[in-house]
Structure formats: C-alpha cells, structure tokens
Amino acid sequence: MGATLHQAVTLQFKATNNQAEYEALIVGLNFALSMTVKRIQVFSDFLLVVNQVNRLFEAKDEVLKKYLQLARSLISQFEDFSLAHMPREENQVANQLAKEGSPTSVGLRCLKGPVSNAPKSLLRGNHPTGWT
C-alpha cells in the first residue's frame, strides 16, 4: 500500500528546461526521503531526464552531469526506485501543479539557487540555504 505525493516547486533563478526538470526531480526525491519513503515510483513528462536517469541516454552537458550525479545519489538511498515517462497530456496532476507554480501558491516550495550548487548536506532531507 502506498500514498501519492504531489509537490509544486518554483525556481527563483534562471534555468534551462533541462535544469528545471532535474531541479524538480531532485526536490521531489529529497522530499520523499525526508518523509522516510523506502520505495518510490516517479513519473515525469520530460523524456530526456527519464532516459538519462534510466541510463538510456548519456548526459553530455557538464551542468546536467552534476544534476544527474546528485539525482543518482538520492536514488541510491531508496530500497526500490523507478522512473517512468508519462506524457504531459496524460498527467492532469502535473498540469494542475504547473498552474499552481506561482509565488502566491500555498505549500509551494521555492528555490533561490540551483540544488546542484548545494552542499552535500542536501542529501537525506537537509535543505540547502536557498530553500524557503
């Protein structure tokens, strides 16, 4: 038996689409770990990140390599992990969370800087200084 966790995140810094998708994944993994989740299924509409995390594509960009390394280090802390692609048009929850991703949303997490620049203490539920 399991629960479904949803979370909206807004970035208060410039990031490419690829970087933003990794930010969302990493924040979500960190959120799950902070709740002592042991087994997790993640769904993403961003095929590049799904394929890089699942080792089907190689990350060639140096910034994305850092994100991928951080994501994999978080993933290694779960007993069971899977990441699957779900097209955006099939994911009404993601559409709703995207609409909620404004600075006035209740329960919204804001990052003032990239998690890839955060210290190692980000792992296992300790949030970086840019977290509000």
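Every read-out reported here was derived from the displayed coordinates using simple, explicitly stated rules and does not represent laboratory data. These numbers come from a predicted model, not from an experiment. Using ideal geometry, Cβ is built from the backbone for each residue, glycine included, and neighbour counts are taken over all protein chains shown.
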Inset, instruction - Using θ = phi - 60° and the Karplus relation 6.51 cos²θ - 1.76 cosθ + 1.60, list the HN-Hα couplings for segment 54-71 in order, rounded to whole Hz, with x at every Gly or Pro. - result: 7, 6, 8, 10, 9, 7, 9, 6, 4, 5, 5, 4, 5, 4, 4, 4, 5, 4
Inset, instruction - Could I have the simple spin-label model distance between T4 and M35, label points 7 Å from Cα toward Cβ, reported in nm to one decimal? - result: 1.3 nm
Legend entry - Under 5 Å, built H, 5+ apart or other chain: amide partners of V42: S82, L83, A84
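Compare the peptides 17-29, 46-58 by average per-residue count of other Cβ atoms within 10 angstrom and give them in order, highest first. Could the numbers behind the result be given before it?
On the way: 17-29: 21.1, 46-58: 16.1.
Most protected by this proxy first, the peptides run 17-29, 46-58.
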Inset, instruction - Calculate, in nm to one decimal, what D80 and Q92 gain on full extension: separation in residues at 0.36 nm each, minus their alpha carbon distance. - result: 1.8 nm
